[in-house]
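Trainee: Structure in structure tokens, see below.
The values are calculated or read from the model by the stated rules, or taken from the named source; none is laboratory data. What you are looking at is a predicted structure, and each value in this text was computed from that prediction instead of being measured. We place every Cβ from the backbone using ideal geometry, glycine too, and count neighbours over all the protein chains shown. Quick note on the areas: whole protein, heavy atoms, side chains included, nothing else; ligands and nucleic acids left out. Shrake-Rupley method; radii C 1.70, N 1.55, O 1.52, S 1.80 Å.
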Amino acid sequence: MGLDLAGVTAWLRDFADQVHTNVDLLTDLDRQTGDADHGSNMDRGMQAVAALDMSSFASPGELLKKAGMTLVSTVGGASGPLYGTFFLRLAGAWPTTDDAAGLGAALRAGLDGIQSRGKAILGDKTMVDALLPAVEAYDKAVAEGVASALPAAVAACAAGRDATIPLVARKGRASYLGERSAGHQDPGATSLTMLLEAAGRTLV
Ligand code: ADP
Ligand code: MG
């Protein structure tokens, strides 16, 4: 598929489908440590993205920018601005050719955007715990090309998501629970892993 407009269109649609299919899972996870809206928040946002006329964009960067703005304006909560920033940063750094290092730099820019907005570091029990290991695994495998680096990133992302379970939250609503947040999987790390899994299916 590749990193062109068709590839990014397929990626966003695949992620929208995954969120829609798993809306109850994401909501149930957020019920345990938050306010039970992560599924509905993300579904509302990604359905709005999926409804965009993808063929009207001149480049993948333009589409990613519009997707980010759409998420900021429709999702709300903590995750709206964070996902929105991720896509806006991705848009600014998206490679113009099928360039493995360029995709790695774009993912890194997206991570940096989430961290500069949300101030979460590794271990705070947020989406950063899935995305940061994914970006690092991608970079490690980048010399082998997108077809090797993306699956490595997906595996690291899922492992990072699972590793949120025992953590005590230090950012976001879950942190209000203190020690009681331990024993639950972070909803944002769960949706973020769906985003990387969708990338693995569509951008390679
Ligand atoms: P809200 O918490 O406002 O209800 P959501 O339920 O949609 O928003 O999203 C919750 C998710 O947002 C969390 O599971 C976590 O992964 C992520 N999150 C919250 N705060 C931060 C932060 N400061 N940095 C990174 N991710 C965060
Ligand atoms: Mg919530």
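Trainee: With labels modelled as points extended 7 Å from the Cα through the Cβ direction, what inter-label distance (nm, one decimal) is found for residue 162 paired with residue 47?
Mentor: For the pair residue 162/residue 47, the computed spacing is 3.2 nm.
Trainee: Separate question: Taking the highest mean first, how do the peptides 17-25, 145-153 order by number of other beta carbon atoms within 10 angstrom per residue?
Mentor: Ranking, from highest mean packing down: 145-153, 17-25.
Trainee: Angle between the Cα long axis of helix 60-74 and the longest principal axis of the chain, 0 to 90 degrees, nearest 10?
Mentor: 30
Trainee: Roughly to the nearest percent, how much of the accessible area of the stretch 5-202 is carbon and sulfur, given a 1.4 Å probe?
Mentor: 54
Trainee: Gain in length, residue 35 to residue 17, computed as 0.36 nm per residue apart minus the alpha-carbon separation, to one decimal in nm?
Mentor: Result for the pair: 4.2 nm of gain on full extension.
Trainee: Also, quick follow-up: With a 1.4 Å probe and all protein chains left in place, how much accessible area per residue does the chain have, in Å²? The partial results should precede the final answer.
Mentor: Working: 8370 Å² over 204 residues.
For the chain, the solvent-accessible area averages 41 Å² per residue.
Trainee: Enter the accessible area of residue 114 (Å², nearest 10), with the probe set to 1.4 Å and all protein chains included.
Mentor: 10
Trainee: Counting helices only, and only those DSSP H runs with n ≥ 4, report the 222 nm mean residue ellipticity of the chain as the sum of -39,500 (n - 2.57) divided by its residues, in deg cm²/dmol to the nearest 500.
Mentor: Rounded to the nearest 500, the figure is -22000 deg cm²/dmol.
Trainee: For residue 6 and residue 180, compute 0.36 nm times the residue count separating them, minus their Cα-Cα distance, and round to one decimal in nm.
Mentor: That pair, residue 6 and residue 180, stretches by 58.3 nm at full extension.
Trainee: Now a separate question. Could you state the number of Å between the C-alpha centres of the stretch 1-43 and the stretch 72-109?
Mentor: Centre-to-centre distance over Cα atoms comes out at 15 Å.
Trainee: Ranked highest first by average number of other Cβ atoms within 10 Å, how do 174-184, 6-16 line up?
Mentor: 6-16, 174-184
Trainee: With an 8 Å Cα cut-off and a minimum separation of 6 or more residues, compute the relative contact order for the chain in percent. Spell out each step's value before the answer.
Mentor: Details: 377 pairs, mean separation 48.6, N = 204.
Here the relative contact order equals 24 percent.
Trainee: Could you state the angle between the C-alpha long axis of helix 187-202 and the longest principal axis of the C-alpha atoms of the chain, as a value from 0 to 90 degrees rounded to the nearest 10?
Mentor: 20
Trainee: In the chain, how many lysine pairs have Cα atoms under 25 Å apart, counting only pairs 8 or more places apart or on different chains?
Mentor: 6
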